[in-house]
Amino acid sequence: QQQVKQSPQSLIVQKGGISIINCAYENTAFDYFPWYQQFPGKGPALLIAIRPDVSEKKEGRFTISFNKSAKQFSLHIMDSQPGDSATYFCAAQWGNTGKLIFGQGTTLQVKP
Amino acid sequence: KAGVTQTPRYLIKTRGQQVTLSCSPISGHRSVSWYQQTPGQGLQFLFEYFSETQRNKGNFPGRFSGRQFSNSRSEMNVSTLELGDSALYLCASSLGRGGSSYNEQFFGPGTRLTVL
């Protein structure tokens, strides 16, 4: 019930293309869904986050789509660039727990 | 504003030893969470401290413990180290309470622990 399932495990996209990463959850108590980007040797960096009362949130080239009824959310990276090559993690949290439940991560490679 | 800092960045220990890791949160943040990252298990929550009190705990054995000081700095301790404790240990800070962004967690660079 506390799991967050992320797919695909790895993704290769051409420069300028759209990268899409999907996550699914079971626990309907989750009320905060962030995405993190991690480069080798670095800690995860918060990219964008959404709450379940919103179906979409966009920040620059990054968009979260949220489907509450399906218990799914996804990250879209528009106009993907080689500098976007990194590992991306979705996560979920409920209330004021300070406890993020992470997906297994997606390694994105953007080819020039 | 300075980010989350963690010390040391790298540690090598042997089985049976103990280790203490340190985390300084972003100024004004009162919550510190600790995570373990391994290739096999991914990112797993260890515990969270808020105002010097452990507010939440993950599913790790009692060998893993922590504390938080009045200035919100936090330490994590692992006793009787095992080979499987080799991992990247990350801490993240957040406001912890109040406002619309109270639970945005910002991570430090991590401490890479190797147990031989």
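The values are calculated or read from the model by the stated rules, or taken from the named source; none is laboratory data. As the structure is a prediction and not an experimental result, all values here were calculated from the model. Backbone-built Cβ (ideal geometry, glycine too); neighbour counts: all protein chains shown. Calculation scope for accessible area: heavy atoms of the full protein, side chains included, ligands and nucleic acids excluded. Shrake-Rupley method; radii C 1.70, N 1.55, O 1.52, S 1.80 Å.
Under the classification rounded if a/c is under 1.5, otherwise prolate if a/b is larger than b/c and oblate if not, where does chain B fall, given a ≥ b ≥ c as square roots of the Cα gyration tensor eigenvalues?
Taking the square roots of the gyration eigenvalues as a ≥ b ≥ c, chain B is prolate.
Between the alpha-carbon centers of the range A:18-87 and the range B:1-19, tell me the distance in whole angstrom.
For the range A:18-87 versus the range B:1-19, the Cα centre distance is 29 Å.
Stokes-Einstein at 37 °C, 0.692 mPa s, Kirkwood radius from Cα pairs: D for the protein assembly as shown in µm² s⁻¹?
Details: Rh = 18.1 Å.
Translational diffusion coefficient: 182 µm²/s.
If the cut-off is a Cα-Cα distance under 19 Å, which lysines reach A:K15, setting aside same-chain residues fewer than 8 apart in sequence?
Here the lysines satisfying the reach criterion relative to A:K15 are A:K111.
Can you tell me which of A:Q93, A:Q38, A:Q14 moves the most in a GNM of chain A? Springs connect C-alpha atoms under 10 Å apart.
The residue with the greatest mean-square fluctuation here is A:Q14.
Give me the number: length gained by fully extending B:R112 to B:S27, i.e. 0.36 nm times residue separation minus the C-alpha to C-alpha distance, one decimal in nm.
Result: 28.2 nm gained on full extension.
Spin-label point model (7 Å from Cα, Cβ direction): what's the A:K42 to A:K58 distance in nm?
2.5
At R0 = 45 Å, how high is the FRET efficiency between B:E52 and A:T87 if r is their beta carbon distance? Nearest 0.05 is fine.
Values: r = 33 Å, r/R0 = 0.74.
Using R0 = 45 Å, I get an efficiency of 0.85.
Can you give me the Rg/Rh ratio for the range A:31-112, using Cα atoms for both radii and the Kirkwood formula for Rh?
On the way: Rg = 12.9 Å, Rh = 13.4 Å.
Taking Rh as the inverse mean 1/r over Cα pairs, Rg/Rh reads 0.97.
Roughly how many debye, to the nearest 20, is the charge dipole of chain B about its Cα centre, given +1 on each Lys and Arg Cβ, -1 on each Asp and Glu Cβ, and no other charges? Display every interim value, and only then the final one.
On the way: 12 positive and 6 negative charges, 27 e Å.
Charge dipole of chain B: 120 debye, to the nearest 20.
Using a basic spin-label model with each label point 7 Å from the Cα along Cα→Cβ, how many nm lie between B:R67 and A:K5?
Each label point is offset 7 Å from its Cα along the Cβ direction, giving 4.3 nm.
Of B:L83, B:L11, B:L21, which is the most mobile in a GNM of chain B whose springs link Cα atoms less than 10 angstrom apart?
The residue with the greatest mean-square fluctuation here is B:L83.
Provide the net charge surrounding A:Q93, with neighbours chosen by a C-beta distance below 11 Å and charges set as Lys +1, Arg +1, Asp -1, Glu -1.
It works out to a net charge of -1.
Can you give the FRET efficiency to the nearest 0.05 for A:S65 and B:K1, using r as the Cβ-Cβ distance and R₀ = 25 Å?
So the FRET efficiency works out to roughly 0.20.
For chain B, what relative contact order do you get, as a whole percent, if you take Cα pairs closer than 8 Å and at least 6 residues apart?
Reported as a whole number, the value is 35 percent.
Strictly greater than 12 Å: what percent of every Cα pair in the range B:62-114 meets that?
Cα-Cα pairs of the range B:62-114 separated by over 12 Å account for 73 percent.
Here is the link list: A:K5/A:K99; A:K42/B:K57; A:K68/A:K99; A:K5/A:K58. Which ones come out longer than 18 Å on Cα distance?
Flagged as over cut-off: A:K42/B:K57; A:K68/A:K99; A:K5/A:K58.
For B:K57, what accessible surface area do you get with a 1.4 Å probe? Give it in Å², rounded to 10.
Roll a 1.4 Å probe over it and B:K57 shows about 100 Å².
Which order do A:D84, A:D31 take by accessible area at a 1.4 Å probe, largest first?
Largest accessible area first, the list is A:D31, A:D84.
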